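Working notes, beginning with the structure itself.
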Amino acid sequence: MRQAGRYMKSYQLLCERYPKFRERSENVDLVVEISLQPWKVFKPDGVILFSDILTPLPGMNIPFDIVKGKGPVIYDPLRTAAAVNEVREFVPEEWVPYVGQALNLLRQEVKNEAAVLGFVGAPFTLASYCVEGGSSKNFTMIKKLAFSEPAILHNLLQKFTTSMANYIKYQADNGAQAVQIFDSWATELSPADFEEFSLPYLKQIVDSVRETHPDLPLILYASGSGGLLERLPLSGVDVVSLDWTVDMAEGRKRLGSNVAVQGNVDPGVLFGSKEFISKRIYDTVQKAGNVGHVLNLGHGIKVGTPEENVAHFFEVAKGIRY
Ligand SMILES: Cc1c2[nH]c(c1CCC(=O)O)Cc1[nH]c(c(CCC(=O)O)c1C)Cc1[nH]c(c(CCC(=O)O)c1C)Cc1[nH]c(c(C)c1CCC(=O)O)C2
């Protein structure tokens, strides 16, 4: 789940002092402080690096910002062969040294009490932001490119693939103990188009990471992934993260036995009563079975979620014994 963020009072206070998202996410001390905010209060088993899937973009020659009330903005959307040619391969040590430093510091801070988790955006999801120019409802620009000039999109996807494989390795080398790949918008694609514009690139990333970091657990998340479920494990990841639109028991069956699952409590449940939250946690754990399940929400914690309900979620989860 997205852990840090606007549901926490401590984060809101820090945002008043540092109003720009890019400043909060690109300064080592702030990254460490924000990453630790939820851990200090709730003590989850994992501490997620505070960053964004778009953080590598400036290092690839794609300027962006995250604007309050509007979300991500890519100033010059990439829609032509010439624009894609200007995209550079990402060299993490050069462009985001603060990520490596923050991961190292997080490992020192949390010792062995929790796993430090890194993440990257998947090629199709990153491309969707860069082609659309920001968040999108209908994904018309990226589909126009995919379905009229696929070679241009493939060129961009390949650049993200090589760059994100290197970024995962960089995060692991600096202390990340598992890395989640967010293909949040892959589910906007039909299964056939997913097989052309997303799956081969995910597989390439996984294969490349396995060559140098065979023991690094890789997790794949796609929102609303019910229609693609059988295809997600074909990427080769260790864990598939399910959102709550899939029944956990059915999801398990459809994913097969070679992959672990993460999820999938509806983040909206945290607005419910404590009894309801407990019941949904027990249901989810029971449906997932007693091996290979990372209990989590099915997506990030929503703005406005009561912190005491988040605390209740962790209390109940930690009390579960098999
Ligand atoms: C699609 C995506 C993005 N970013 C991310 C994804 C994949 C996950 C998903 O499917 O939601 C990943 C992400 N972004 C952020 C995290 C935080 C790490 C953690 O959990 O602590 C993670 C894991 C910080 C953030 N990234 C962002 C916020 C909210 C803005 C803020 O707090 O200032 C946070 C906490 C901004 C962001 N960044 C992005 C969006 C759509 C937004 C929301 C814009 C808005 O709501 O105004 C792109």
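Laboratory data are not the source of any read-out in this text; all were calculated from the coordinates shown. What you see is a predicted model; the values in this text were computed from it and never measured. Here the Cβ positions follow ideal geometry from the backbone for every residue, glycine too, while neighbour counts run over all protein chains shown.
The table for this structure:
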| quantity | calculated |
| --- | --- |
| 5 angstrom amide H check on ASN264, placed H, neighbours 5+ away | ASN296 |
| Student exercise, the range 265-322 dipole from Lys, Arg, Asp, Glu Cβ charges, in Debye to nearest 20 | 180 |
| Other-chain or far-sequence residues with amide H under 5 Å of ALA178's (modelled H) | GLY118 |
| Size of electric dipole in the range 9-241: Cβ of Lys, Arg +1 and of Asp, Glu -1, about Cα centre, debye, nearest 20 | 600 |
| Over 18 Å (Cα to Cα) - which of LYS274/LYS318; LYS20/LYS40; LYS70/LYS137 fall in this group | LYS20/LYS40 |
| Mean separation of Cα contacts under 8 Å (6+ apart) over length of the chain, as relative contact order % | 16 |
| Lysines with Cα under 19 Å of LYS253, excluding same-chain neighbours fewer than 8 positions away | LYS287 |
| Gaussian network model of the chain, Cα within-10 Å springs - most flexible of ILE66, ILE301, ILE48 | ILE66 |
| The range 265-322: relative contact order as a whole-number percent, Cα under 8 Å and 6+ apart | 50 |
| GluC sites (Glu not before Pro), loop per DSSP, at most 14 other Cβ atoms within 10 Å - longest free stretch of the chain | 114-322 |
| Under Karplus coefficients 6.51, -1.76 and 1.60, residue-wise ³J(HN,Hα) of the range 54-66 in Hz, glycine/proline x | 8, 3, x, 4, x, x, 9, 6, 10, x, 8, 8, 10 |
| Förster radius 45 Å - calculated FRET efficiency between GLU16 and ASN258 (Cβ-Cβ, nearest 0.05) | 0.45 |
| Linear extension gain, ASN290 paired with ARG88, 0.36 nm per residue minus alpha-carbon span | 68.3 nm |
| Using θ = phi - 60° and Karplus 6.51 cos²θ - 1.76 cosθ + 1.60, couplings along the range 141-152 (whole Hz; Gly, Pro as x) | 5, 5, 6, 4, 5, 4, 9, 10, 9, x, 4, 5 |
| Inter-part distance where the range 295-322 and the range 1-64 are each reduced to a Cα centre, Å | 19 |
| The chain: most fluctuating residue of MET141, MET164, MET248 per GNM, C-alpha cutoff 10 Å | MET141 |
| Residues whose placed amide H lies under 5 Å from that of ILE48, excluding near-sequence neighbours | LEU117 |
| Karplus-derived HN-Hα couplings along the range 221-230 (A = 6.51, B = -1.76, C = 1.60, θ = phi - 60°), whole Hz, x at Gly and Pro | 10, 9, 7, x, 8, x, x, 10, 3, 5 |
| The range 26-174: relative contact order as a whole-number percent, Cα under 8 Å and 6+ apart | 30 |
